[in-house]
Amino acid sequence: MIENTARYQERLPRWLWLWFPPILLLVIVPIKILAPEFYAARIDGELGLIELATPLLSIAGAVVGIQLLRQASRLPSNRLRLWLLATTLGCVYFAGEELSWGQHLFGWGTPDYIEAVNDQEETNLHNISSWFDQKPRMLLEVWVLVGGVIWPVYRWRTRSMPTAGDGEAYWFWPSTECLPTALLAILVRLPERIKSLLDIEQLPLELRFSEPQEYYFALFLLLYLASIRRRLRANPSE
């Protein structure tokens, strides 16, 4: 009975991890089809829905990460504490880069020394080098695929449910609640990759698929950190 109660306390609200993730696609796809001009102006622009929602989720993830860092002594190893710090800093970087560190909101001019090396003449790093953009993005996508999809499916198939007694693995791996968001993050980019692979000239529905994928990456990080916080609360002796 105590174990079942702890399991229940570890869970995130169902609306957050199951019902909330698909809402973005359920909103933007019909708008793209029925009102493409509105989509271009209000959904896909620099200050559109996706571009603002993504850093908002990243900031929320950073806040949860900071809360966890204040309790980091309860985690069983320094490696986990460093991982938690890196994930939190990743959320800060994600949010800052998405907003060009405030330039998109406040409209300041790009300093000359950044403008000279930035592909889009913005105050950010990800348009300067692939080391600040494609490579970190690839690593994040691999983590989402392995930790958010493959690991939960493996656990489900083997019927192995980790507990706090399992040590680092219990805290490190994403919970099954991250699976819906992780699946969407991987699948939402699939049409673009099929188009490139098969050399298709135009898809029936053309989106900048990388933008909703970034949204789901940010949501995944938020849910991952939030699930660790719930696990800490459910295991006060840790």
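The values are calculated or read from the model by the stated rules, or taken from the named source; none is laboratory data. The structure presented is a predicted model; accordingly, all values stated were derived computationally and were not measured. Neighbour counts are summed over all protein chains in view; Cβ atoms, including those assigned to glycine, are modelled from backbone coordinates with ideal geometry. In case anyone asks, the SASA skips ligands and DNA or RNA and just uses the protein heavy atoms, side chains included. Shrake-Rupley method; radii C 1.70, N 1.55, O 1.52, S 1.80 Å.
Annotations for the structure displayed:
- Single residue of the stretch 158-180 satisfying the filter (of a type outside the set (Phe, Trp, Tyr) and open to solvent by less than 40 Å² (accessible area, probe 1.4 Å)) that is nearest to Arg233 (Cα to Cα): Ala164
- Filter pass, Asp44 being within 20 Å of the chain's Cα centre (by Cα) and over 30 Å from Glu168 (Cβ atoms): yes
- Taking the stretch 158-178 as the range and being assigned to a helix (DSSP H, G or I) and either over 12 Å from the mean Cα position of the chain (by Cα) or more than 10 Å from Phe220 (Cβ to Cβ) (or both) as the test, the residues that pass are Thr158, Ala164, Gly165, Asp166, Glu168, Ala169, Tyr170, Trp171, Phe172, Thr176, Glu177.
- For the stretch 94-128, a residue qualifies if it is within 21 Å of Phe217 (Cα to Cα) and loosely packed, with under 15 Cβ neighbours inside 10 Å, and exactly one does: Gly102.
- Of all residues in the stretch 73-93, those being open to solvent by less than 20 Å² (accessible area, probe 1.4 Å) and part of a helix (DSSP H, G or I) number 5.
- Selection count, the stretch 45-72, where residues are acidic (Asp, Glu) and open to solvent by 60 Å² or more (accessible area, probe 1.4 Å): 1
- Residue within the stretch 203-218 that is assigned to a helix (DSSP H, G or I) and either of a type in the set (Lys, Arg) or under 29 Å from Asn78 (Cβ atoms) (or both) present: yes
- Scanning the stretch 14-34 for residues that are farther than 16 Å from Ala185 by Cα and either open to solvent by 80 Å² or more (accessible area, probe 1.4 Å) or not in a helix (DSSP H, G or I) (or both) yields Arg14, Trp15, Ile33, Leu34.
- Complete set of residues in the stretch 74-88 that are out of contact with any helix residue (DSSP H, G or I) (no Cβ under 8 Å at 6 or more places or on another chain) and closer than 30 Å to Glu121 by Cα: Ala86
- Residues that are among the acidic types (Asp, Glu) and in contact (Cβ under 8 Å) with a residue 60 or more places away in the chain within the stretch 186-222 comprise Glu211, Glu214, listed in sequence order.
- Residue within the stretch 150-157 that is over 27 Å from Asn78 (Cα atoms), in a helix (DSSP H, G or I), open to solvent by 30 Å² or more (accessible area, probe 1.4 Å) and touching a residue at least 24 places away in the same chain (Cβ under 8 Å) present: yes
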